[in-house]
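Presented below is the structure to which this report refers.
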Amino acid sequence: MAGRIVKDDIEALRTQADIVAVVGEYTTLKRAGRAFKGLCPFHTEKTPSFTVTPEGNFYNCFGCGVSGDLYDFLMRIEGLEFPEAVESLARRTGFQLRYEQMSARERRAVGERTRLVAVTAAARDFLVAQLYAEEGRVARDYLVSRSFSRADAERFELGYAPNRFDAMARALTADGYSEQDLVTTGLVARTERGGLRDRFRGRLMFPIHDTSGDVIGFGGRILPGLDYGGFDPPKYLNSSETPLYKKTRVLYGVHQARSEIVRAEQVLVCEGYTDVMALHQAGVGYSVATCGTAVGVEHLRTLARYAARVVLAFDGDAAGVKAAERAWEAARELEGDGQGVSLDLRVLVLPETSDPADLVAEVGSEGVAAAVAAATPVVPFVLRHHLAAGDLTTESGRTAALKDALTILGREADPDLRREWARTEIAERIGYAYGFVAETAARLGVQLDAHEGVAVAAAGPAREGRGPARPEPGGAAGASLTAARARLERAALRALLQHPEHLPPEAGELEERDLSHPDARAVLRAIQAGGGPAAPLRAIVDAAEDDRVRGLLRALALEDDPETSDPDLVAEVVAGRIRRLLVDRVDAAARALRDELSRLSHTTDPDRVLAVQRELAELQRRRRQLLGQPA
């Protein structure tokens, strides 16, 4: 993207575009009065319940409850961010977007990326052409041996790197691409004499895309039957780190899979390029792979944009257990960063010596889908393998296994899950009474028998959790409280008391219904009754309804807040906390409207349907405003 899109263009494009034409690319629409109807592209149905209204460019499904405007449709169906949806719609309609002026530094960064993406795209085109040339027969034969068709190869833009010293370097420089840009992309390297040599030689090539579809790097596999001379090359070789390619952020196949991930509301993460291809070929199109590295925070952050359920296809050996633990650690780090991300992380245990492609061959697409549905939550998976590695035949071995398992369980933030897994995964498997397990846990500092994480408990901040609770219509009150939600509410109240000078204008909109726990609501009542966040702390404390709330207020006012220690970031952090609570309120109101829509008839209540769709669109705009996205 070439900078921030001019807001007037966003609204003009929203008004001028034809939603019927765009949605019609994904499902067949037929006129029904003032609207158009068709089968919903977001869920499976036999009777059309998906309605598109040209007046206002709205859509709504009476079956699954999704609704919104044209931008929301593209974001949902393609898994796009808002700016990407605007640019996608502009490309479809020929609308010329304008961008706000960028700094010189931003222009240089965009200029470099544009050049490098042009190089990687040209390299992709060169490699694809080589695959279908005579020299590429060895790669084509390998694909046939793996039961991949030309259509499969074309979907993933596979290519072949000639088994020659500088074939790509010569071809691309002859086409006018600079030697330095070729080196910067990692496609070639300089020799000791200053010439160029190809990094990838004699390999089946897998282009790696970012979420927008740009080629940012490559993976290459050696091929049986090729003579590599006296050199024993690694089986797989990936691009080196470049301004485009960061392996801790890259996921193979995410561009091809993201719309299916959104539809399936889950993603299957593998370790190999051909695993992804085999799964897509079998209809499991929500599959991606890491590129030679462990699943990390940035991988999960990318996937969380599209689905909350992340299934890891790992081996059941020690390496697989270790990889699952690292992924769990990354998930906990992501959930604890205050951005409201909540993941359901699970593990699909593969048979020994098998990979996902083998699983497809053995059980077919329906079998894979069933296996994914039955995937094990990551904590029981880790617990089972740690216990299996222990010596449960002796008392000392059982004691050591119990301590190890409880230490692992202590990292789980959800108290209900801790109790459940302490009973089913530890007590029952080791053969101890639950009461003894609970007593041992207490001695180790792992709490099992009391709920933790109330929003403003005086003992200190809430522990890490699984993300904010989903509020009931009208706000957060009454929702089940999770530790992450408790931490968010506590942090927001702490910001009100400690940083009133940095509060965003929206802070005045906070109401008790935006908070989940009675203690949190009592603290907010005291702040408001005492004259607001800018009032002296004494006045706020005096306004509290009892001594317990007064103690909570003092604790919050004095509590350390590491996230606001940087004076350059404090305003951004504080605003983010407040706006996250208000976003939850907007989401609750939107759910209530969708529920109402599900009960309305487009035939008998057309005006109310249109009114509710307009209200939903307004809520979507308010949500984007709170999140700092173009309205």
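The values are calculated or read from the model by the stated rules, or taken from the named source; none is laboratory data. Everything quoted here is computed from the prediction, not taken from an experiment. A quick note on method: Cβ atoms are made from the backbone with ideal geometry, for glycine too, and the neighbour counts reach across all protein chains shown.
Test of understanding: among THR302, THR274, THR293, which residue is among the β-branched types (Val, Ile, Thr) and in a loop (DSSP other than H, G, I, E, B)?
THR293
One line per residue, one yes/no per condition, for (1) closer than 21 Å to ASP8 by Cα; (2) touching a residue at least 12 places away in the same chain (Cβ under 8 Å); (3) aromatic (Phe, Trp, Tyr):
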residue: PHE50; (1), (2), (3): no, yes, yes
residue: GLY68; (1), (2), (3): yes, yes, no
residue: MET75; (1), (2), (3): yes, no, no
residue: GLU81; (1), (2), (3): yes, yes, no
residue: TYR99; (1), (2), (3): yes, yes, yes
residue: THR114; (1), (2), (3): no, no, no
residue: THR120; (1), (2), (3): no, yes, no
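Could you please find all residues in the range 375-409 being more than 28 Å from ARG309 (Cβ to Cβ) and part of a loop (DSSP other than H, G, I, E, B)?
Hits for the range 375-409 are GLY390, ASP391, LEU392, THR393, THR394.
Residue-wise test of (1) farther than 19 Å from GLU260 by Cβ; (2) touching an Asp or Glu at 6+ places or on another chain (Cβ under 7 Å); (3) in a loop (DSSP other than H, G, I, E, B); (4) in contact (Cβ under 8 Å) with a residue 60 or more places away in the chain.
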| site | (1), (2), (3), (4) |
| --- | --- |
| ASP9 | yes, no, no, yes |
| LEU13 | yes, no, no, yes |
| VAL20 | yes, no, no, no |
| THR27 | no, no, yes, no |
| ARG31 | yes, no, no, no |
| CYS40 | no, no, yes, no |
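What number of residues in the range 410-423 are closer than 18 Å to ASP344 by Cβ and in a helix (DSSP H, G or I)? If you could, list the steps in order and put the result at the bottom.
Initially, the range 410-423 is screened for residues closer than 18 Å to ASP344 by Cβ, giving 411-418, 420-421.
Those still in the list that are in a helix (DSSP H, G or I) too: 415-418, 420-421.
Number of matching residues: 6.
Go through (1) touching a Lys or Arg at 6+ places or on another chain (Cβ under 8 Å); (2) surrounded by fewer than 16 Cβ atoms within 10 Å (Cβ to Cβ) and name the single condition ALA544 misses.
(2)
Among the residues of the range 434-461, write down those that are part of a loop (DSSP other than H, G, I, E, B) and modelled with pLDDT of 90 or more. If you could, list the steps in order and put the result at the bottom.
Our first condition is that a residue be part of a loop (DSSP other than H, G, I, E, B); within the range 434-461, this holds for 445-461.
Listed by number, the list is empty, since nothing qualifies.
When you go through ARG113, ARG124, ARG150 one by one, which is the residue that is under 23 Å from ASP355 (Cα atoms) and either touching a strand residue (DSSP E or B) at 6+ places or on another chain (Cβ under 7 Å) or of a type in the set (D, E, K, R) (or both)?
Working: ARG113 fails: under 23 Å from ASP355 (Cα atoms); ARG124 fails: under 23 Å from ASP355 (Cα atoms).
So the residue among ARG113, ARG124, ARG150 that is under 23 Å from ASP355 (Cα atoms) and either touching a strand residue (DSSP E or B) at 6+ places or on another chain (Cβ under 7 Å) or of a type in the set (D, E, K, R) (or both) is ARG150.
Going through the range 166-186 one residue at a time, which ones are in contact with an Asp or Glu (Cβ under 7 Å, 6 or more places away or on another chain) and not hydroxyl-bearing (Ser, Thr, Tyr)?
Start the filter on the range 166-186 by keeping residues that are in contact with an Asp or Glu (Cβ under 7 Å, 6 or more places away or on another chain), which leaves 166-169, 173.
ASP166, ALA167, MET168, ALA169 - these are the residues of the range 166-186 that are in contact with an Asp or Glu (Cβ under 7 Å, 6 or more places away or on another chain) and not hydroxyl-bearing (Ser, Thr, Tyr).
Quick one: in the range 569-620, which of the residues that are assigned to a helix (DSSP H, G or I) and acidic (Asp, Glu) is nearest to ARG487 (Cα to Cα)?
Residues of the range 569-620 assigned to a helix (DSSP H, G or I): 570-599, 606-620.
With acidic (Asp, Glu) added as a condition, the list becomes 572, 584, 587, 595-596, 607, 615, 618.
Values: GLU572: 17, ASP584: 15, ASP587: 19, ASP595: 29, GLU596: 32, ASP607: 42, GLU615: 31, GLU618: 29 Å.
Per the criteria, the residue is ASP584.
Which ranges mark the strands (runs of 3 or more DSSP E) fully within the range 122-224 that have 1 or more residues being of a type in the set (Gly, Ala, Ser)? Full working, then the answer.
Details: elements: 159-161, 188-190, 196-198, 203-209, 215-222.
Output list reads 159-161, 188-190, 215-222.
Listed residues ARG423, ARG418, ARG346; which is surrounded by fewer than 20 Cβ atoms within 10 Å (Cβ to Cβ) and basic (Lys, Arg)? It would help to see each step written out before you state the result.
Numbers: ARG418 fails: surrounded by fewer than 20 Cβ atoms within 10 Å (Cβ to Cβ); ARG346 fails: surrounded by fewer than 20 Cβ atoms within 10 Å (Cβ to Cβ).
After applying the criteria, what remains is ARG423.
For every residue, the table says whether it meets (1) surrounded by fewer than 21 Cβ atoms within 10 Å (Cβ to Cβ); (2) within 25 Å of ALA153 (Cα to Cα); (3) modelled with pLDDT of 90 or more; (4) not assigned by TED's automatic domain parsing to the domain that holds GLY186.
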| residue | (1), (2), (3), (4) |
| --- | --- |
| ALA264 | yes, yes, no, yes |
| CYS270 | no, yes, yes, yes |
| CYS291 | no, yes, no, yes |
| GLY296 | yes, no, yes, yes |
| ASP315 | yes, no, no, yes |
| ARG326 | yes, no, yes, yes |
